[in-house]
Amino acid sequence: MKHLRSIDELGVAGLHRLLDLSDHMAEINRRPVPKVPALRGKTVVSLFFEDSTRTRLSFETAAKRLSADTMTFSVSTSSVNKGESLRDTIETVAAMGVDAFVVRHKSSGVPWQISNWTDAAVVNAGDGWHEHPTQALLDCYTVRTALNRPDGFNGLHIAIVGDIKHSRVARSNVWAFAALGARVTLVAPHTLLPPSLEGWPVDVAHHIDDVVDRVDVLYMLRMQRERMHEALVPSLREYTSRFGLTPDRADRLQAHALVMHPGPMNRGVEMAVDPAELPGSVITQQVTNGVSVRMAVLFDLLGSGSGLAGEAS
Amino acid sequence: MKHLRSIDELGVAGLHRLLDLSDHMAEINRRPVPKVPALRGKTVVSLFFEDSTRTRLSFETAAKRLSADTMTFSVSTSSVNKGESLRDTIETVAAMGVDAFVVRHKSSGVPWQISNWTDAAVVNAGDGWHEHPTQALLDCYTVRTALNRPDGFNGLHIAIVGDIKHSRVARSNVWAFAALGARVTLVAPHTLLPPSLEGWPVDVAHHIDDVVDRVDVLYMLRMQRERMHEALVPSLREYTSRFGLTPDRADRLQAHALVMHPGPMNRGVEMAVDPAELPGSVITQQVTNGVSVRMAVLFDLLGSGSGLAGEAS
Amino acid sequence: MKHLRSIDELGVAGLHRLLDLSDHMAEINRRPVPKVPALRGKTVVSLFFEDSTRTRLSFETAAKRLSADTMTFSVSTSSVNKGESLRDTIETVAAMGVDAFVVRHKSSGVPWQISNWTDAAVVNAGDGWHEHPTQALLDCYTVRTALNRPDGFNGLHIAIVGDIKHSRVARSNVWAFAALGARVTLVAPHTLLPPSLEGWPVDVAHHIDDVVDRVDVLYMLRMQRERMHEALVPSLREYTSRFGLTPDRADRLQAHALVMHPGPMNRGVEMAVDPAELPGSVITQQVTNGVSVRMAVLFDLLGSGSGLAGEAS
């Protein structure tokens with residue numbers, strides 16, 4: 001693997017390889033000193049053209065636990081604002097000896113462009129509405145461990161509920177869940193679905209009550225207030241009434257069913273119940289697993305095969 | 001010790017323990033390579049909801065000298081601005097595997113709230129007008145070393161001069177100085193004292209000339225220009241005439257008396273003399289000691305009892 | 001060497017010493033693990049009062065490869081905004097135990113002021129229109145390696161083209177190129193030359209066509225749009241016609257001639273040709289060499305003579 005720009009460029013075998021490697025990383029993270037020398041001397045640069053403290057911290061924690069050096073390139077303080085082209089910026093930073101770029105950008109496709117301009121590895125940390133492959137990986141890893149499914153998701157039914165249209169999480173997760181064998185149902189109003197779902201390995205429902213009592217995983221997406229202003233939903237109250245996870249609905253979940261959310265949550269909107277009171281909530285585990293999965297990705301891209309055995313000195 | 005939210009939760013024994021430990025850290029800081037592996041693999045996150053470069057740098061220096069990994073969470077670039085609750089933010093960052101949060105917030109009590117939401121240690125780096133316990137520790141350590149008082153401050157007279165009402169430094173320092181045995185006098189106009197001093201182990205004066213020639217420590221607080229706009233003082237000139245340290249007053253200090261200031265100074269207002277020309281000024285030592293004291297706090301919270309002996313590799 | 005504030009305070013012998021040391025650093029940078037323990041336990045603070053992501057990242061990469069701890073002091077979040085004097089800020093940060101300050105400031109001379117206030121080493125990373133000594137070093141190192149001139153630049157002809165008047169790069173580079181023995185020609189309109197060139201070891205041309213086919217190095221400066229608004233050039237198109245590197249002119253360069261640029265480039269203005277299509281372009285090497293040269297500077301200032309041999313652990 002040279003880059004991780006989209007989840008499908010991994011292939012199913014690559015997906016399994018990274019999930020297996022994440023197991024190893026999770027074991028490191030449970031040690032008293034959760035640090036290994038695997039990426040000593042490697043430099044990982046966070047290139048965040050859009051704010052995302054949680055994703056940036058997760059990648060930086062992952063890089064530091066592998067002993068890589070980390071640097072942050074924040075667009076607000078960069079020459080990009082002086083009219084320098086993105087390409088010149090990338091080539092300049094790369095020439096300092098960068099091994100990996102972790103890229104967040106509001107435009108779809110930027111990670112692909114960047115990977116054309118540099119020999120460094122490029123990890124997509126979210127591009128527009130397009131892809132967020134490490135989110136899909138951490139979500140698969142969370143389902144795999146929480147439901148004890150190391151060999152795949154055959155027979156599992158996963159519903160993704162909410163604003164599919166504007167969600168890079170949904171795009172990446174649909175592919176990954178389906179590739180591992182799950183049946184995926186999208187639950188959303190027509191206005192929050194993409195214009196076409198041709199080729200998506202999914203079925204569709206228009207009311208959360210159609211799926212809530214039969215799924216193994218209920219994956220809730222963040223509902224942004226902007227969608228109301230854009231008249232895509234009549235009101236947040238209306239949205240909650242048809243698509244929110246309320247206490248009543250939570251009671252109708254199967255006993256073993258997981259509740260997931262990529263964060264940040266909009267409490268009282270899609271999460272109309274306190275996740276701390278949901279026995280099936282694995283929202284905190286998703287965050288914890290994010291570090292292990294990103295360690296796996298960085299090691300797979302930059303590691304030399306050794307360096308996981310010892311302890312960082 | 002699980003957290004350091006207020007100075008009084010340390011107790012007198014805890015105060016002495018941390019000051020003794022600070023001696024050890026100061027010795028490390030005098031080495032050619034001032035770094036030990038004590039907190040290798042630990043992650044310390046600076047959560048600064050209010051700017052304070054000096055305090056943040058001091059904590060980060062302390063953490064790095066103990067070989068901890070450090071990360072900064074700056075509120076201006078965080079999801080807190082997207083309406084995510086503080087609690088969700090803390091729980092999310094904590095789930096990545098944080099060992100300690102260093103918290104600065106403009107609202108009193110936030111460090112206590114945060115400590116309810118996470119298993120990580122919480123260090124209060126200043127909450128509103130309330131508390132700033134590491135400032136009190138570094139000030140005690142500075143008095144202890146500069147006046148050679150390892151066993152306590154019995155018989156010492158310390159005056160704290162200025163805007164007591166709005167000062168978290170004053171609140172923390174009064175408790176700490178008194179707990180170590182010092183007599184503490186607050187020197188301020190009525191408008192800059194709290195509405196009630198009931199229970200404060202202090203006496204009060206309303207003119208710096210009442211104390212300047214008899215104290216062992218003259219502790220000057222920063223006078224903020226805002227107080228003039230709020231009509232709490234008639235003018236800065238008037239303030240200086242009654243509460244400022246002028247060259248004349250500096251001449252009247254006892255030969256052994258210390259002059260202290262938590263910084264940043266307002267030169268020409270409370271400091272109407274150049275501290276570089278005051279033989280008793282220990283203002284620079286306060287900053288230097290701040291690193292040792294914060295190393296002691298972080299080690300006391302996160303250390304395993306070993307790791308101070310060797311040299312960081 | 002105690003500081004690096006200007007290129008001429010190095011002297012010719014110092015210049016050669018740092019270029020020789022850069023060779024050693026470049027060798028480290030080619031290793032699989034490009035990291036040595038040379039500055040373990042040292043703290044390097046970036047004090048950037050003016051944005052420059054590329055320069056800051058280059059210094060931080062250099063510091064980390066020598067195992068120093070790095071911290072960034074960004075003026076926008078500092079007490080400098082609360083009216084604290086620059087001197088108090090520096091003395092405070094220095095008191096925490098800083099070994100070197102890397103300073104970028106829009107006012108000429110600030111690095112000299114700072115060096116009066118602290119025992120830490122001061123490296124000028126660009127002060128106003130005045131000096132940028134590490135840029136001159138990396139440019140000399142690039143010429144030296146690309147043209148294989150380890151003993152000096154006797155017989156080389158270097159043209160610096162563009163806005164000399166407002167360029168700290170030009171001021172530092174003229175001295176360094178000339179000190180190493182090169183003949184230097186400045187190519188600029190009268191409006192973009194300093195009022196007097198008395199004492200500058202240069203000759204002057206007013207059209208790029210006067211030099212393009214005879215120089216060994218063509219050093220292009222960034223042309224800022226502001227100059228047009230200040231009426232120093234009639235239009236950018238006019239500027240390009242007399243001073244830009246166009247494809248035609250690129251064809252007239254000698255086969256061995258180098259094209260250099262300090263970045264960021266203004267494509268279509270001074271660089272009216274794609275540097276990727278110029279065989280003589282060493283613009284990317286300049287950036288790569290910047291890390292080696294800054295490692296040499298930091299090691300020369302802070303190193304103890306050992307620590308380059310082993311590998312960082």
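So A:Val93 passes all but one of these: (1) under 28 Å from C:Arg225 (Cα atoms); (2) more than 10 Å from every other protein chain (Cβ to nearest Cβ). Which condition number does it fail?
With respect to (1) under 28 Å from C:Arg225 (Cα atoms); (2) more than 10 Å from every other protein chain (Cβ to nearest Cβ), A:Val93 is out only on (2).
Any residue at all in segment C:125-135 that is within 14 Å of chain B (Cβ to nearest Cβ) and modelled with pLDDT under 95? Walk me through it before giving the result.
First, pick out the residues of segment C:125-135 that are within 14 Å of chain B (Cβ to nearest Cβ): none.
So far as segment C:125-135 goes, no, none of its residues is within 14 Å of chain B (Cβ to nearest Cβ) and modelled with pLDDT under 95.
Here are some conditions: (1) within 19 Å of A:Leu301 (Cα to Cα); (2) without any contact (Cβ under 8 Å) to a residue 12 or more places away in the chain; (3) not hydroxyl-bearing (Ser, Thr, Tyr). A:Ala136 meets all but one. Which one does it not meet?
(2)
State the number of residues belonging to segment A:198-214 that are more than 11 Å from A:Thr185 (Cα to Cα) and among the acidic types (Asp, Glu).
3
Kindly indicate whether C:Ser85 is surrounded by fewer than 20 Cβ atoms within 10 Å (Cβ to Cβ) and under 19 Å from the mean Cα position of the chain (by Cα). Steps first, please.
Values: surrounded by fewer than 20 Cβ atoms within 10 Å (Cβ to Cβ): yes; under 19 Å from the mean Cα position of the chain (by Cα): no.
Spelling it out, it is not the case that C:Ser85 is surrounded by fewer than 20 Cβ atoms within 10 Å (Cβ to Cβ) and under 19 Å from the mean Cα position of the chain (by Cα).
Taking segment A:56-74 as the search range and keeping residues that are out of contact with any Gly (no Cβ under 9 Å at 6 or more places or on another chain) and part of a strand (DSSP E or B), which one is modelled with the highest pLDDT?
It comes out as A:Thr70.
Here is a list of conditions, (1) within 14 Å of another protein chain (Cβ to nearest Cβ); (2) touching a strand residue (DSSP E or B) at 6+ places or on another chain (Cβ under 7 Å); (3) among the polar types (S, T, N, Q), and A:Gln224 meets all of them except one; can you say which number that is?
Going through (1) within 14 Å of another protein chain (Cβ to nearest Cβ); (2) touching a strand residue (DSSP E or B) at 6+ places or on another chain (Cβ under 7 Å); (3) among the polar types (S, T, N, Q) one by one, A:Gln224 breaks only (2).
When you scan segment A:28-40, how many residues do you find that are in contact with a Pro (Cβ under 6 Å, 6 or more places away or on another chain) and more than 11 Å from chain B (Cβ to nearest Cβ)? Don't jump to the end; show me each part of the working.
So the first thing to find is which residues in segment A:28-40 are in contact with a Pro (Cβ under 6 Å, 6 or more places away or on another chain), and the list is A:28.
Add one more test, that the residue is more than 11 Å from chain B (Cβ to nearest Cβ), and what stays is none.
Residues in segment A:28-40 being in contact with a Pro (Cβ under 6 Å, 6 or more places away or on another chain) and more than 11 Å from chain B (Cβ to nearest Cβ): 0 in total.
List every residue pair whose Cβ atoms lie under 8 Å apart, where the two residues are 6 or more positions apart in sequence or sit on different chains, the first residue falls within segment A:291-313 and is not assigned by TED's automatic domain parsing to the domain that holds A:Leu57 and assigned to a loop (DSSP other than H, G, I, E, B), and the second residue, located anywhere, is buried (at least 24 other Cβ atoms within 10 Å of the Cβ) and at pLDDT below 95.
Close Cβ pairs (under 8 Å, with a partner that is buried (at least 24 other Cβ atoms within 10 Å of the Cβ) and at pLDDT below 95) do not exist here.
So for segment A:265-276 (the condition being charged (D, E, K, R), within 11 Å of another protein chain (Cβ to nearest Cβ) and over 19 Å from B:Val98 (Cα atoms)), does at least one residue qualify?
Filtering segment A:265-276 for residues charged (D, E, K, R) gives A:267, A:270, A:274.
Restricting the remaining residues to those that are within 11 Å of another protein chain (Cβ to nearest Cβ) gives A:267, A:274.
Narrowing the set further to residues that are over 19 Å from B:Val98 (Cα atoms) leaves A:267, A:274.
Yes, there is a match, as at least one residue in segment A:265-276 is charged (D, E, K, R), within 11 Å of another protein chain (Cβ to nearest Cβ) and over 19 Å from B:Val98 (Cα atoms).
Answer with yes or no whether C:Arg225 is charged (D, E, K, R), surrounded by fewer than 17 Cβ atoms within 10 Å (Cβ to Cβ) and within 19 Å of C:Ala146 (Cβ to Cβ). Quick ask: steps written out before the conclusion?
On the way: charged (D, E, K, R): yes; surrounded by fewer than 17 Cβ atoms within 10 Å (Cβ to Cβ): yes; within 19 Å of C:Ala146 (Cβ to Cβ): no.
No; evaluated as a whole, the condition is false for this residue.
Quick check on this structure: which one of C:Thr43, C:Thr53 is modelled with pLDDT under 95 and within 13 Å of another protein chain (Cβ to nearest Cβ)? Steps first, please.
Details: C:Thr43 fails: modelled with pLDDT under 95.
Within the list C:Thr43, C:Thr53, the selection yields C:Thr53.
I'd like to know if segment B:108-117 contains one or more residues that are within 14 Å of chain A (Cβ to nearest Cβ) and either of a type outside the set (A, V, I, L, M) or touching a Leu at 6+ places or on another chain (Cβ under 8 Å) (or both). First the steps, then the outcome.
Initially, segment B:108-117 is screened for residues within 14 Å of chain A (Cβ to nearest Cβ), giving B:116-117.
Checking the rest, the ones that are also either of a type outside the set (A, V, I, L, M) or touching a Leu at 6+ places or on another chain (Cβ under 8 Å) (or both) come to B:116-117.
Yes, that holds for at least one residue.
Looking at B:Arg237, B:Arg227, can you tell me which residue is among the charged types (D, E, K, R) and either within 29 Å of B:Ala125 (Cβ to Cβ) or in contact with a Pro (Cβ under 9 Å, 6 or more places away or on another chain) (or both)?
On the way: B:Arg237 fails: either within 29 Å of B:Ala125 (Cβ to Cβ) or in contact with a Pro (Cβ under 9 Å, 6 or more places away or on another chain) (or both).
Of B:Arg237, B:Arg227, the one residue that is among the charged types (D, E, K, R) and either within 29 Å of B:Ala125 (Cβ to Cβ) or in contact with a Pro (Cβ under 9 Å, 6 or more places away or on another chain) (or both) is B:Arg227.
Looking at A:Gly83, A:Gly11, which one is closer than 27 Å to A:Trp117 by Cβ, at pLDDT 95 or above and either more than 14 Å from chain B (Cβ to nearest Cβ) or touching a Cys at 6+ places or on another chain (Cβ under 6 Å) (or both)?
On the way: A:Gly83 fails: at pLDDT 95 or above.
None of the other options fit; the residue is A:Gly11.
For residues that are in a strand (DSSP E or B) and farther than 22 Å from A:Thr284 by Cα, tally how many sit in segment B:98-141. Steps first, answer last, please.
Keep residues of segment B:98-141 that are in a strand (DSSP E or B), which gives B:100-105, B:121-127, B:131.
Those left that are additionally farther than 22 Å from A:Thr284 by Cα: B:104-105, B:123-127, B:131.
Qualifying residue count for the region: 8.
Only one of C:Leu192, C:Leu138 is at pLDDT 95 or above, surrounded by 18 or more Cβ atoms within 10 Å (Cβ to Cβ), outside the structural domain of C:Ser22 (by TED's automatic domain parsing) and touching a Lys or Arg at 6+ places or on another chain (Cβ under 6 Å). Can you tell me which? Quick ask: steps written out before the conclusion?
On the way: C:Leu138 fails: touching a Lys or Arg at 6+ places or on another chain (Cβ under 6 Å).
Just a single option satisfies the conditions, and that option is C:Leu192.
I want to confirm something. Restricting to segment B:1-46 and keeping residues that are in a strand (DSSP E or B) and under 17 Å from the mean Cα position of the chain (by Cα), which single residue is surrounded by the most Cβ atoms within 10 Å (Cβ to Cβ)?
This residue is B:Leu4.
For the condition in the same structural domain as B:Val12 (by TED's automatic domain parsing) and among the β-branched types (Val, Ile, Thr), what is the one hit in B:Thr145, B:Thr118?
On the way: B:Thr145 fails: in the same structural domain as B:Val12 (by TED's automatic domain parsing).
One residue alone meets the criteria, B:Thr118.
Consider only pairs whose beta carbons are under 6 Å apart and that are at least six residues apart or on different chains; among these, list those whose first residue lies in segment C:154-181 and is modelled with pLDDT under 95 and whose second residue is polar (S, T, N, Q).
Once the first residue is modelled with pLDDT under 95 and sits in segment C:154-181, no partner that is polar (S, T, N, Q) comes close enough.
Got a sec? Which of C:Ser241, C:Ser304, C:Ser292, C:Ser235 is among the hydroxyl-bearing types (Ser, Thr, Tyr) and under 24 Å from the mean Cα position of the chain (by Cα)?
Details: C:Ser241 fails: under 24 Å from the mean Cα position of the chain (by Cα); C:Ser304 fails: under 24 Å from the mean Cα position of the chain (by Cα); C:Ser235 fails: under 24 Å from the mean Cα position of the chain (by Cα).
Just a single option satisfies the conditions, and that option is C:Ser292.
For segment B:243-287, which residues satisfy the criterion of being in contact (Cβ under 8 Å) with a residue 12 or more places away in the chain and polar (S, T, N, Q)?
Matches in segment B:243-287: B:Thr246, B:Gln254, B:Asn266, B:Ser281, B:Gln285, B:Gln286.
Restrict the check to segment B:246-258 and report whether at least one residue is modelled with pLDDT of 95 or more and either under 18 Å from B:Val44 (Cα atoms) or within 11 Å of another protein chain (Cβ to nearest Cβ) (or both).
Step one: list which residues in segment B:246-258 are modelled with pLDDT of 95 or more, which gives B:246-258.
Keeping just the survivors that are either under 18 Å from B:Val44 (Cα atoms) or within 11 Å of another protein chain (Cβ to nearest Cβ) (or both) gives none.
No - not one qualifying residue is present in segment B:246-258.
Kindly establish whether A:Val297 is surrounded by 19 or more Cβ atoms within 10 Å (Cβ to Cβ), among the β-branched types (Val, Ile, Thr) and under 23 Å from A:Leu156 (Cα atoms). Even if it seems obvious, please write down each step before you answer.
Values: surrounded by 19 or more Cβ atoms within 10 Å (Cβ to Cβ): yes; among the β-branched types (Val, Ile, Thr): yes; under 23 Å from A:Leu156 (Cα atoms): no.
For A:Val297, the condition - surrounded by 19 or more Cβ atoms within 10 Å (Cβ to Cβ), among the β-branched types (Val, Ile, Thr) and under 23 Å from A:Leu156 (Cα atoms) - is not met.
If you take the residues of segment C:267-282 that are at pLDDT below 95 and outside any loop (DSSP other than H, G, I, E, B), which of them is surrounded by the most Cβ atoms within 10 Å (Cβ to Cβ)?
Top of the filtered list is C:Pro275.
The values are calculated or read from the model by the stated rules, or taken from the named source; none is laboratory data. Not measured: the values here are computed from a predicted model. FYI the Cβ positions are ideal-geometry reconstructions off the backbone, even for glycines, and counts take in every protein chain you see.
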